[in-house]
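Beneath this line is the structure, given in structure tokens, with notes to follow.
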2 protein chains.
Amino acid sequence: MATRERPRRVTIADVARHAGVSTTAVSKVLRSAYGVSPAMRDRVKAAIEELGYRPHAAARAMRGRTFTIGVLLPDLRNPFFPDILDGLNERLAGTDYQAIMVQGGPGTEAEARAIEALVDRQVDGILMIAPELGRARLEEVAAQVPTVVLGLHERSAVYDAVHDDDELGAELVVRHLIGLGHRRIAHIGHLPGGRVRASAALHAIRAATYERVMREHGLEGEIPVALTSYSEEGGYEGARRLLARSPRPTAIFAGADSAALGALRALHEAGLSVPADVSLAGYDNTRLAALSSISLTSVDQDGEEMGRTAGRLLLERIEGRGSSVRFSVTPTLVPRRSTAPPGSSGERAR
Amino acid sequence: MATRERPRRVTIADVARHAGVSTTAVSKVLRSAYGVSPAMRDRVKAAIEELGYRPHAAARAMRGRTFTIGVLLPDLRNPFFPDILDGLNERLAGTDYQAIMVQGGPGTEAEARAIEALVDRQVDGILMIAPELGRARLEEVAAQVPTVVLGLHERSAVYDAVHDDDELGAELVVRHLIGLGHRRIAHIGHLPGGRVRASAALHAIRAATYERVMREHGLEGEIPVALTSYSEEGGYEGARRLLARSPRPTAIFAGADSAALGALRALHEAGLSVPADVSLAGYDNTRLAALSSISLTSVDQDGEEMGRTAGRLLLERIEGRGSSVRFSVTPTLVPRRSTAPPGSSGERAR
DNA sequence: ATGAAAGCGCTAACAA
DNA sequence: TTGTTAGCGCTTTCAT
């Protein structure tokens, strides 16, 4: 049973020998460092080409960089995250950096392990998407590796923050529903396993803003909230709980489109139609929300722009920036057919 | 402007000093290798604990393993892939291995770079999901790194293959549609950028089977195929092309649920309803297909099982298995409300 | 402008 | 059973 023949990798020494120069020269050419004559550069490049040399990332990691950006992804099913990754990859294209992703869920345990895994692998920078670990741990990591945190409104001296103006976004949704005439508006939120500061997490901000706007409109008596998770299952479970109440809410604001989809399932199972019986709104304006058979009112936040910015900030930090930065995108409401005035029974989505 | 203080990592030497033993001893304990007394093991473990030591992956990579499995993901938006990852992660949990993912699309160029990135980072094993690179390149990679290819029916001596019985799956769909009375059944397929052998790729098998079954039922005159891609955009574009034909197809078999969603959008835009005007079927039975507002007839393949198996096969290969293996799951049809007899106008989905 | 040589943290062959 | 030591491929002083 043929033992695997691992052909020895071409090393910098092979290239040097082939080009008749020193390994130092090759290394310099590779990093386009200062102090190489054009002649030598050409010979080395030719040798690299001929031998099909590729730098050994682990060896590089021992001394310098790995040219790797680690991305913590809490959940592969959230259809909003690919937008962020598109932006990041766009920014990284053309550089020598590669994004690798690790799944940080479900659970805080898994998230902690995933982050450790990135640190152990000596990535040059980390993008954490909506982490649930506590601030203390985040700062510990950020002290070792340039870090950008996406989704937390926490301000920190050691990492950069990129987020959406979740307060505005939630306000847009709730005002929209109130404007349509709803009073019994329920909310499906996300209950983190971890210890993020209540006010810092995006889901906490969306929930708090929902409550604030309700109060401002004298609806403090009607604040049913189901805290589950921003996921299909969470939305399903949350909607079931909310629908069991009496009187039933006439509208549901799900804190994320993924949860809204689950809520939709629960609504259908209960024989209720949207928006005739219950209006439904989400957040993230994912592509699914736009699907005409779903046509979900949602909040658009520019995920690609957030990803692009996160990439830029990471590269800047890797190049040595020490100060920290916050970046916020402004969301907009995208009304669709899933929301309508209460009791507007004729209005079924087609 | 505080320049970042990178606290020096705790190394194996620190642990050794702290425990009053040699680095070898520590290394052995870490790898639970043969030849350490329980007493020493305990002292070392205590020292590791006290110092918060974590092995440096890059240093390990120089000599031995990285304990990293690389996953090539062609597309983050395909809702079927998370099922595979769940299976893989389940298998890897409890081992020292970590899965990292790289995005291999869009385009063969990007895929090639993504695979290089994994090889450069010395992963111990690679899981390639539906790669489009040619067989030659796959085998080159597999000769260097234990590899499992998911989705290709290519048989190879150097890598393991995990796939669904796509021939059966496609047959189930087409027979189902024919059984409902359809004759003008169209297909939306995937046109790979790369050079996979025509017959080996899962999309090619689904398309070829579609044609075969159509022929077997004397429908060789009615084989409109749109080759775009297995994605929302691809499905949309494909459906638009198919709907422009005259006479219009009465049913569409999209080779993947993601494409079916795009087709659904095109159908709605054209003012057609499903299944009254056109029946629609997908493949993969993703969670979205089950959503009642979509209720898409689809083919279920057990992605989790495929992922679990891929993980197992990789670990086996890493442990030294040299022979190669194929694993196939059997798909089942899941009929839903998106398919119905042609012209059954009363039958709108609720 | 070029090259020699000292490590980076770890593993494994070998000695004791 | 335990420890000594020679690298793994690369970057980076420091000479030349």
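Applying the Karplus relation 6.51 cos²θ - 1.76 cosθ + 1.60 with θ = phi - 60° to region B:81-94 yields 3J(HN,Hα) values of 4, x, 4, 4, 4, 4, x, 4, 4, 4, 5, 7, 4, x Hz, where x marks Gly and Pro.
Descending by average beta-carbon neighbour count within 10 Å, the peptides A:260-271, B:323-334, B:219-230, A:68-79 line up as A:68-79, A:260-271, B:219-230, B:323-334, the highest first.
Here is how the number arises for chain A: DSSP H runs of 4 or more residues each give -39500 (n - 2.57), the sum is divided by the residue count, and the result at 222 nm is -12500 deg cm²/dmol.
Taking each label point as 7 Å beyond Cα in the direction of the beta carbon, state the distances from B:THR11 to the same residue in the other copies, shortest first, in nm. Counterpart label points of B:THR11 in the remaining copies fall at 1.9 nm.
Copy-to-copy label distances for B:GLU90, where each label lies 7 Å from Cα along Cα-to-Cβ, are 3.7 nm in order of increasing length. Averaging Cα coordinates gives a centre for region A:16-32 and one for region B:272-350; these two points are 52 Å apart.
Exposure proxy ranking for A:ASP96, B:ASP302, based on other Cβ atoms within 10 angstrom of each Cβ and starting from the fewest, stands as A:ASP96, B:ASP302.
Once C-alpha pairs closer than 8 Å and six or more residues apart are averaged by separation and normalised to the residue number of region A:166-301, the relative contact order reads 24 percent.
For chain A, the convex hull spanned by the alpha carbon atoms encloses 179 Å³ per residue. A DSSP coil position with no more than 16 other Cβ atoms inside 10 Å describes the following trypsin sites (Lys or Arg not before Pro) in region A:127-175: A:ARG155. The mean count of C-beta atoms from other chains within 10 Å of the C-beta of residues in B:51-57, rounded to a whole number, is 3. Taking the label point 7 Å along Cα→Cβ, B:GLY64 and its counterparts in the other copies are spaced 2.9 nm apart, in ascending order. With axes computed from alpha carbons, what is the tilt in degrees of helix B:166-179 against the longest principal axis of chain B, rounded to the nearest 10 within 0 to 90? For helix B:166-179, the angle is close to 20 degrees.
Note on region A:12-54: along the principal axes its Cα atoms extend 24, 16, 15 Å, ordered by decreasing extent. Ordered by the count of other Cβ atoms within 10 Å of each Cβ, fewest first, B:MET40, B:MET128, A:MET62 give A:MET62, B:MET40, B:MET128. To the nearest ten degrees, helix A:108-120 and the longest principal axis of the Cα atoms of chain A are 20 degrees apart. For the pair region A:45-61 and region B:198-239, the centres of their Cα atoms are 42 angstrom apart. Take each residue in B:75-84, count the other chain C-beta atoms within 10 Å of its C-beta, and the mean is 4. Against chain B, whose longest principal axis comes from its Cα atoms, helix B:38-51 is set at around 70 degrees.
The residues packed around A:ASN78, meaning those with a beta-carbon under 13 Å from its beta-carbon, carry a net charge of -2 if Lys and Arg are +1 and Asp and Glu are -1. The mean number of partner chain beta-carbon atoms within 10 angstrom of a residue's beta-carbon across peptide B:312-323 is 1. If a/c stays under 1.5 just call it rounded; otherwise compare a/b with b/c (prolate if a/b is bigger, oblate if not). Do that for region A:166-301, with a ≥ b ≥ c from the square roots of the Cα gyration tensor eigenvalues. Rounded shape, in that the Cα axes give a/c under 1.5.
Amide hydrogen proximity for B:LEU152: with H placed 1.01 Å from N in the peptide plane, the residues at 5 or more positions away or on another chain lying under 5 Å are B:ALA130, B:VAL162.
Every number in this text was worked out from the coordinates using simple rules, so none of it is lab data. Worth saying up front: this structure is predicted, and the values here are computed from it rather than measured. Note that each Cβ is placed from the backbone with ideal geometry, even for glycine, and that neighbours are counted across all protein chains shown.
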